[in-house]
1. ARG183 fails exactly one of the following numbered conditions: (1) closer than 18 Å to PHE216 by Cβ; (2) in a strand (DSSP E or B); (3) modelled with pLDDT under 95; (4) in contact with a Lys or Arg (Cβ under 7 Å, 6 or more places away or on another chain). What is the number of that condition?
2. Any residue in the stretch 104-119 that's at pLDDT below 85: show its pairings with residues that are charged (D, E, K, R) at Cβ separation under 8 Å, as long as the two are six or more apart or on different chains.
3. Looking at the stretch 194-222 only, could you name the residues that are more than 18 Å from VAL129 (Cβ to Cβ) and either among the acidic types (Asp, Glu) or touching an Asp or Glu at 6+ places or on another chain (Cβ under 7 Å) (or both)?
4. Please determine, by comparing only the residues of the stretch 94-152 that are assigned to a loop (DSSP other than H, G, I, E, B) and β-branched (Val, Ile, Thr), which one is farthest from the chain's Cα centre (by Cα).
5. Kindly provide the set of residues from the stretch 111-154 that are under 19 Å from ILE173 (Cβ atoms), surrounded by fewer than 21 Cβ atoms within 10 Å (Cβ to Cβ) and of a type in the set (S, T, N, Q), ordered by number.
6. Where residues in the stretch 54-93 are of a type in the set (S, T, N, Q) and surrounded by 14 or more Cβ atoms within 10 Å (Cβ to Cβ), which of them is nearest to the chain's Cα centre (by Cα)?
7. Do we have TYR157 as surrounded by 21 or more Cβ atoms within 10 Å (Cβ to Cβ), touching a Pro at 6+ places or on another chain (Cβ under 9 Å) and more than 21 Å from MET73 (Cβ to Cβ) here?
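The values are calculated or read from the model by the stated rules, or taken from the named source; none is laboratory data. All values reported here derive from a predicted model rather than from experimental measurement. As a convention, Cβ positions derive from the backbone with ideal geometry for all residues, glycine included, and neighbour counts pool all protein chains shown.
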Amino acid sequence: MGLSWCYSTLAIALLPIAASAGERIADTSTATSECSPAADDTREIPLKRVWALDMPGTQSVRRIDWVRPQDSMVDPIRAKLRKSKLSQLPPGFVVRGTGREALKNVYRVLVRGEDPLASHSDANELSIVFLARLSSRYVHLKEVKVSTSDHKVCLTYTLVTHETQELTEHFAIIPVGVLPEGRYEVSFSLATPKELSGIEAKKYREYASRVVPKGFSFAIAD
């Protein structure tokens, strides 16, 4: 089984569970999102299986990082997200493995500049990488759904306003397992809070478009 991937066309014009002290989280209980695979085989990836940087409901990616600060993989990845414009980052990508193996491969792509998953000769456990560049809002995962018959992966996220002047960057490693042959479309969809409408909703979406890419595609073949 081999795998290749490609960028989606991006408009460079750009998930909450619980709040910690100082965060203001918009009510997304009835938020709208364009990401909704409807196939019978659609499965949801529990957030507790996701390794992420500062995203409520997920596992902290620092738990699978090396203990010694000088060996850290997370800190150089964060530095890359802080220094890069959205147009300089891949619009998400796929890596081989889960957990620490996946983190190593994310490090190779973002820090060492290696090409992500050029090819494979057999079936592999795969993880999807979601990136959010430095911004004045937290980016939180809301849900992740996978449909192998429709060949779709839909990730929904939301933005959370900082109460302070800090800037943060985020990334998530989402295990999707072994996928059957086909070309998959990965969509990163913003959940717009129900209280926003009109010009406010438009500004919310425009801000998100400067922080998070639209998505990407990849293919699994013999």
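1. Only one criterion is unmet by ARG183, namely (4).
2. Matching pairs, first to second residue: LEU117/ARG96.
3. LYS194, GLU195, GLU200, GLU206, ALA221, ASP222
4. Here is the first cut: in the stretch 94-152, the residues assigned to a loop (DSSP other than H, G, I, E, B) are 97-98, 111-125, 136, 148-151.
Subset that is β-branched (Val, Ile, Thr): 98, 111, 148.
Values: THR98: 14, VAL111: 17, THR148: 19 Å.
Within the stretch 94-152, the match that is farthest from the chain's Cα centre (by Cα) is THR148.
5. Hit for the stretch 111-154 is ASN124, nothing else.
6. Among those residues, the one meeting the criterion is THR58.
7. On the way: surrounded by 21 or more Cβ atoms within 10 Å (Cβ to Cβ): yes; touching a Pro at 6+ places or on another chain (Cβ under 9 Å): no; more than 21 Å from MET73 (Cβ to Cβ): yes.
The answer is no for TYR157.
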